[in-house]
Amino acid sequence: MTQPEPLQAALALAQELQGLTDGAANEKAAELVQLLTKALEPVEESDFTLGKFVSVMVHEIRKPMTSIRGYADMMDKRLVGELNDMQGQFIATIRRNVISMEKLVSDLSDFTKMRTGRIKAENKMDMAKNILLAVEKETKELAAEQKHELVFEIPDGLPILNLDGNRAKQALVKLVENAIKYTPEGGHIIVRARPAEGGLEIIVKDNGVGMTPEEVERLGELWFRGDDELVTSTKGYGLGIPIVFECMRLAGGRLFYESEKGTGSTFGIFLPGMS
């Protein structure tokens, strides 16, 4: 289970002190170890309860959504008879909303599993080019719908990575999707990879609505979304950046960013290379 890092560090330090001391000091260190251990127990129970609840909820929600999606797909393909224009629009709306809900449920499931330790890092050698090409394939259709120019700059000679490639891809997809959604139609988005000391940096730069300093400060808060009209009118749930942070924790990387209101945003991730 995940634990608050300061408490974990304090417990480790107390255990180390216990081994280095004797007499009265050793007794005090032992008391401190017991207190910190007890302080961590409710967090473990809370994480377990949250993970179990979300797991059951996701399972129960997915069953009816799968059924709704299946019937809507059949009707949209006219497999059960012709539809007039208005009926076709209604079915298309149902499909879009079900797909949106499926993404929300999947994101909530992934975030909770990462937070509670049910998704573990599976590090292995990987090529940055393969990850970036997979991200491009997954996001180019969404960019085309918004009439954006989406450019991937993937130079030769990028360092070989040692990480969980699935988590790196998941983080980048979230960053590119955010750039696409929060850039007015006909925007320009660049995904650029470049070698960095100890690994690789990949940046996602857009000319979208950007964020105020106050909004930048709140990045990473669960459910937080900006107040710009384009943001509030676009479907979203404030899970994207928290998921990116969790992915970077598991991949051994880090997230960095800068943004200016009305100008655009630049988000980047650092990924560790082979040592």
*Are there any pairs with C-beta distances below 8 angstrom linking a residue in region 80-102 that is surrounded by 15 or more Cβ atoms within 10 Å (Cβ to Cβ) to a residue that is among the acidic types (Asp, Glu), with the two at least 6 apart or on different chains, and if so which?*
91/76; 95/73; 95/76
*asked:* With farther than 30 Å from residue 72 by Cα and surrounded by fewer than 14 Cβ atoms within 10 Å (Cβ to Cβ) as the only criterion, which of 119, 154, 131, 160 stands out?
replied: 160
*asked:* Give all pairs with beta carbons closer than 8 Å in which a residue from region 57-74 that is part of a helix (DSSP H, G or I) meets a residue that is polar (S, T, N, Q) and at pLDDT 85 or above; count only pairs at least 6 apart in sequence or on separate chains.
replied: 58/109
_Cβ contacts < 9 Å: first residue surrounded by 17 or more Cβ atoms within 10 Å (Cβ to Cβ), restricted to region 213-229; second residue among the hydrophobic types (A, V, I, L, M, F, W, C) and not in a helix (DSSP H, G or I), any location; separation 6+ or different chain. Result?_
215/224; 219/211; 219/255; 226/209; 226/211; 228/209; 228/211
*Return yes or no: is residue 180 in contact with a Gly (Cβ under 9 Å, 6 or more places away or on another chain), assigned to a helix (DSSP H, G or I) and at pLDDT 95 or above?*
yes
*Across region 109-134, what is the number of residues that are in a helix (DSSP H, G or I) and among the basic types (Lys, Arg)?*
3
*Looking at region 110-163, which of its residues are of a type outside the set (Asp, Glu) and free of Cβ contacts under 8 Å to residues at least 24 places away in the same chain?*
133, 137, 140, 144
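Taking the stated definitions as given, is residue 101 in a helix (DSSP H, G or I), outside the structural domain of residue 240 (by TED's automatic domain parsing) and under 19 Å from residue 174 (Cα atoms)?
On the way: in a helix (DSSP H, G or I): yes; outside the structural domain of residue 240 (by TED's automatic domain parsing): yes; under 19 Å from residue 174 (Cα atoms): yes.
Against the criterion (in a helix (DSSP H, G or I), outside the structural domain of residue 240 (by TED's automatic domain parsing) and under 19 Å from residue 174 (Cα atoms)), residue 101 qualifies.
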*Take region 113-149 and flag every residue that is farther than 22 Å from residue 198 by Cβ and over 20 Å from the mean Cα position of the chain (by Cα).*
144, 145, 146, 147, 148, 149
*asked:* Here is a list: 174, 205, 137, 147. Which entry is touching a Gly at 6+ places or on another chain (Cβ under 6 Å) and either surrounded by 15 or more Cβ atoms within 10 Å (Cβ to Cβ) or not in a loop (DSSP other than H, G, I, E, B) (or both)?
replied: 174
*Specify which of the listed residues (35, 20) is over 30 Å from residue 236 (Cβ atoms), surrounded by fewer than 14 Cβ atoms within 10 Å (Cβ to Cβ) and modelled with pLDDT of 65 or more.*
35
*Among the residues of region 234-257, is any surrounded by fewer than 17 Cβ atoms within 10 Å (Cβ to Cβ) and assigned to a strand (DSSP E or B)?*
yes
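Could we say that residue 216 is touching a helix residue (DSSP H, G or I) at 6+ places or on another chain (Cβ under 8 Å) and not polar (S, T, N, Q) here? Please lay out each step first, then the result.
Working: touching a helix residue (DSSP H, G or I) at 6+ places or on another chain (Cβ under 8 Å): no; not polar (S, T, N, Q): yes.
When the stated conditions are applied, residue 216 does not pass them.
The values are calculated or read from the model by the stated rules, or taken from the named source; none is laboratory data. Just so it is clear, the structure is predicted and the values come from calculations on it, not from any experiment. Reconstructed Cβ throughout: ideal geometry from the backbone, glycine too, with neighbour counts over all protein chains shown.
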